[in-house]
Amino acid sequence: MLINSIVYENGQRVAQLAPEDISDHLDRTGSFIWVALKDATEGELARMQEEFGLHPLAVEDASHGHQRPKLEEYGDTLFCVNHLLALEGDEIRVGEIDIFVHPNFVLSVRSGSTVEFLGVRERCEREPEMLKQGTGFVFYAILDHVVDGYFPMLDALEGELEQIESRIFEKNTARQNIERLYALKRKSMTVRHAVLPMLEFIGKLHGGRVPPVCQNTQEYFRDINDHLARLATRLEGIREAISTAIQVNLAMVGIEESEITKKLAAWASIFAASTALAGIWGMNFEVMPELHWRWGYPAALGLIAFVSAMLFRRFRRAGWV
């Protein structure tokens, strides 16, 4: 679906274009075209390929989706893939935005995501002096919006981790904690798969050999690199905290099992002493004087009760029962 197709000249919006008119405005000096598509069909991508002269391999990647974040050069055109992340309940939904950048045009193709980009266009139009720098600034604005969307994901992950950590030492929560920790680890890996590949390729857009379209905006891409580095550091901290929490939780499971074993052993010892005394008097010897005493039976019960009470008191002091 076509969202916008607008031509800009000297940092100002000039006109809305129909798709079939795009190629007529491509070679105008001092102007560029910014087209945005959402959940584009193969027919729409084929039309854009024809109008902009896009490389077939890049169009194929944009059509199929589910690509790893990457940056590729096809002549004067950059092709960039990024993941779009959105929280939906307790899950992270992963979408994709494919960006084609040329000195004369920017084409963004968004798929499988509810993340809005209208604010990016409005931001650029509010800064005509920056928009005069051309498609490189538009490319930066789109990537900056993508990266800004990752920070709420990390805030949510860190908040959930703190909740789990606060319950680790509560009794009878070990299984639930481990399940939540592994779910959290899976979500952190989703964010990691979006951030780290982007951190790898963003360095190509500032310093050293930079594509001509990004030549005048290197410092802006350096700023995105700094943001991604911060995200990567926080992700590493979350990963280590999750691993530590899992280890602590497993240790707590072992401690709980040890406590149960102690209780079972203590009660087994108490009953073993009672059974031993009862077994002695249950032997079939003829000469057992206490069996014929009038108070023999009460005395035997009293002795069993006394021994059991002493053992119970001893185990209670030791914290076994």
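The values are calculated or read from the model by the stated rules, or taken from the named source; none is laboratory data. Fair warning: this is a prediction, and the values are worked out from it, not measured in the lab. In this analysis, Cβ positions are derived from the backbone assuming ideal geometry, glycine residues included, and neighbour counts consider all displayed protein chains. Please note that ligands, DNA and RNA were not included when accessible areas were found on the heavy atoms of the full protein model with its side chains. Shrake-Rupley method; radii C 1.70, N 1.55, O 1.52, S 1.80 Å.
Things worth noting here:
- Residue that is farthest from Glu116 (Cα to Cα), among those in the stretch 49-100 that are touching a Pro at 6+ places or on another chain (Cβ under 6 Å) and part of a loop (DSSP other than H, G, I, E, B): Arg68
- Residues of the stretch 245-263 that turn out to be open to solvent by less than 80 Å² (accessible area, probe 1.4 Å), over 11 Å from Ala174 (Cα atoms) and either at pLDDT 90 or above or among the polar types (S, T, N, Q) (or both), as a count: 1
- Checking Gln67 against (1) without any contact (Cβ under 8 Å) to a residue 40 or more places away in the chain; (2) in contact with a helix residue (DSSP H, G or I) (Cβ under 8 Å, 6 or more places away or on another chain); (3) open to solvent by less than 10 Å² (accessible area, probe 1.4 Å); (4) closer than 24 Å to Tyr150 by Cα, the condition it does not meet: (3)
- The lone criterion from (1) open to solvent by 40 Å² or more (accessible area, probe 1.4 Å); (2) under 11 Å from Leu107 (Cα atoms); (3) touching a residue at least 24 places away in the same chain (Cβ under 8 Å) left unmet by Thr77 is number (1).
- Any chance Gly53 is surrounded by fewer than 16 Cβ atoms within 10 Å (Cβ to Cβ) and modelled with pLDDT of 85 or more: yes
- Against the test of being touching a Gly at 6+ places or on another chain (Cβ under 8 Å) and surrounded by fewer than 20 Cβ atoms within 10 Å (Cβ to Cβ), the options Val101, Val94 yield a single qualifying residue, Val94.
Residues are listed down the side, and each one gets a yes or a no for (1) open to solvent by less than 60 Å² (accessible area, probe 1.4 Å); (2) touching a helix residue (DSSP H, G or I) at 6+ places or on another chain (Cβ under 8 Å); (3) closer than 30 Å to Leu71 by Cα:
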site: Val147; (1), (2), (3): yes, yes, yes
site: Gln163; (1), (2), (3): no, no, no
site: Glu170; (1), (2), (3): no, no, no
site: Leu181; (1), (2), (3): yes, yes, no
site: Leu184; (1), (2), (3): yes, yes, yes
site: Val191; (1), (2), (3): yes, yes, yes
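- Residue selected from the stretch 8-28 under the condition in a loop (DSSP other than H, G, I, E, B) and touching a helix residue (DSSP H, G or I) at 6+ places or on another chain (Cβ under 9 Å), by the criterion nearest to Glu129 (Cα to Cα): Gly11
- Restricting the stretch 208-236 to residues that are not small (Gly, Ala, Ser) and not in a helix (DSSP H, G or I), the residue that is most open to solvent (accessible area, probe 1.4 Å): Arg209
- For the stretch 3-12, filtering for residues that are farther than 17 Å from Leu26 by Cβ and either open to solvent by 40 Å² or more (accessible area, probe 1.4 Å) or polar (S, T, N, Q) (or both) leaves 2.
- Members of the stretch 193-203 found to be touching a Phe, Trp or Tyr at 6+ places or on another chain (Cβ under 9 Å) and either open to solvent by 10 Å² or more (accessible area, probe 1.4 Å) or part of a loop (DSSP other than H, G, I, E, B) (or both), listed by number: Gly203
- Test: residue in the stretch 202-210 that is modelled with pLDDT under 85 and within 12 Å of Leu71 (Cβ to Cβ): yes
- Test: residue in the stretch 128-136 that is open to solvent by less than 70 Å² (accessible area, probe 1.4 Å), in a loop (DSSP other than H, G, I, E, B) and more than 20 Å from Arg239 (Cα to Cα): yes
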